[in-house]
1. Name the single residue, out of those in segment 208-218 being assigned to a loop (DSSP other than H, G, I, E, B) and in contact with an Asp or Glu (Cβ under 8 Å, 6 or more places away or on another chain), that is nearest to residue 172 (Cα to Cα).
2. Test each condition in (1) within 30 Å of residue 120 (Cα to Cα); (2) assigned to a loop (DSSP other than H, G, I, E, B); (3) open to solvent by 80 Å² or more (accessible area, probe 1.4 Å) for residue 159 and report the one that comes out false.
3. Any residue in segment 50-59 that is touching a Gly at 6+ places or on another chain (Cβ under 8 Å), of a type in the set (Gly, Ala, Ser) and either under 30 Å from residue 31 (Cβ atoms) or open to solvent by 20 Å² or more (accessible area, probe 1.4 Å) (or both)?
4. Taking segment 76-90 only, how many residues are part of a strand (DSSP E or B) and surrounded by fewer than 23 Cβ atoms within 10 Å (Cβ to Cβ)?
5. Looking for something of a type in the set (Phe, Trp, Tyr) and modelled with pLDDT of 95 or more - is there at least one such residue anywhere in segment 41-54?
6. Kindly indicate whether any position in segment 91-108 is surrounded by 16 or more Cβ atoms within 10 Å (Cβ to Cβ) and within 30 Å of residue 25 (Cα to Cα).
7. Can you tell me how many residues within segment 247-269 are over 16 Å from residue 226 (Cβ atoms), in a strand (DSSP E or B) and at pLDDT below 90?
8. Looking at residue 205 and the list (1) free of Cβ contacts under 8 Å to residues at least 12 places away in the same chain; (2) part of a strand (DSSP E or B); (3) of a type outside the set (D, E, K, R); (4) within 28 Å of residue 161 (Cβ to Cβ), which single condition is not satisfied?
Amino acid sequence: MMFLAPFAIAGCLALPAGAGRVTAADLAPAFAGLESVPPETVLSFAPEPGLERVFRIPELQRIAAQFHLAAAPEDEICVARTVAPLDPAALLAAMQKEMPGAKIALVEVSRQAAPPGEIVFRRTGLRSNSASGAIWFGAVRYAPNRDFTIWAKVTLTTQVSRVVAKRDLTAGQRLEPEDVAVETRDEFPSAQAILESAAAIAGKSSRVAIHAGAPIRPEMLENSKDVRQGDVVEVEVQDGGAHLTLEARAEASGSVGDAIFVRNPDSGKRFLAKVRGKDRLFVEGPADKENP
């Protein structure tokens, strides 16, 4: 990713962007004799991007004594990671990589200098603050498992397809293809889950009332019940060689395979029956035996 001209904090020795430790090689340019120490020797943790690590005189003297050097420097030594202002073009390219086809315009970007590395923006980092505007949080990946947080104010729209109700739908209504339509328009991507295809309503009923033109979200739906409480249902009874069909009223809702209570309106007795299909149930054994 492209950055503007890199720099370290004024007066500090520059550390590699991905460095996790300050080594003898990093201090050697300002510490006479330290070049005789193995360059990979660790002297300290590296500071976070934008911060500096200052080696005070007593610490420098301890380092000189530890490695049997003639003398320690008379001045403190400062080290800092190389950082640079963010390049807006690089930020925009990373955003477009995450959301191809979206219309994105930068309004403002982080002014804090950042370390060189891969610029990453994830869709989950979008935070809407107006009808189309947003703050998008991202990161510069400057070392393995090390990210430097960045942000940008943007305007952003993308093509969004959503399922909407073509007519008012009542709570508990089983949805059919003719009840819905799919609309596509340019808008800010919603953080809420949406239905993008009419196929998503197959086998579903509305959990709540939905007004015509309203988007249908997953939480508004539930799996359709083949039998709903209060329905008049057809019950097939198989008792030995005898076979009969009667009407009853469902006292609970259920899907195929569920056993639910139904009530015989003539005798007033209730019994368990197994759901076989839409408003169809089956009982094996006498249907006049009342269950508790």
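The values are calculated or read from the model by the stated rules, or taken from the named source; none is laboratory data. What you see is a predicted model, and the numbers here were worked out from it, not measured in a lab. Note that we place each Cβ from the backbone using ideal geometry, even for glycine, and neighbour counts take in every protein chain shown. Heavy atoms of the whole protein, side chains included, go into the accessibility calculation; ligands, DNA and RNA do not. Shrake-Rupley method; radii C 1.70, N 1.55, O 1.52, S 1.80 Å.
1. For segment 208-218, the residue satisfying everything is 209.
2. (2)
3. Within segment 50-59 (the criterion being touching a Gly at 6+ places or on another chain (Cβ under 8 Å), of a type in the set (Gly, Ala, Ser) and either under 30 Å from residue 31 (Cβ atoms) or open to solvent by 20 Å² or more (accessible area, probe 1.4 Å) (or both)), the answer is no, since none of the residues qualifies.
4. 2
5. no
6. Scanning segment 91-108, I find no residue that is surrounded by 16 or more Cβ atoms within 10 Å (Cβ to Cβ) and within 30 Å of residue 25 (Cα to Cα), so the answer is no.
7. The qualifying residues number 0.
8. Looking at each condition in turn, residue 205 falls short on (1).
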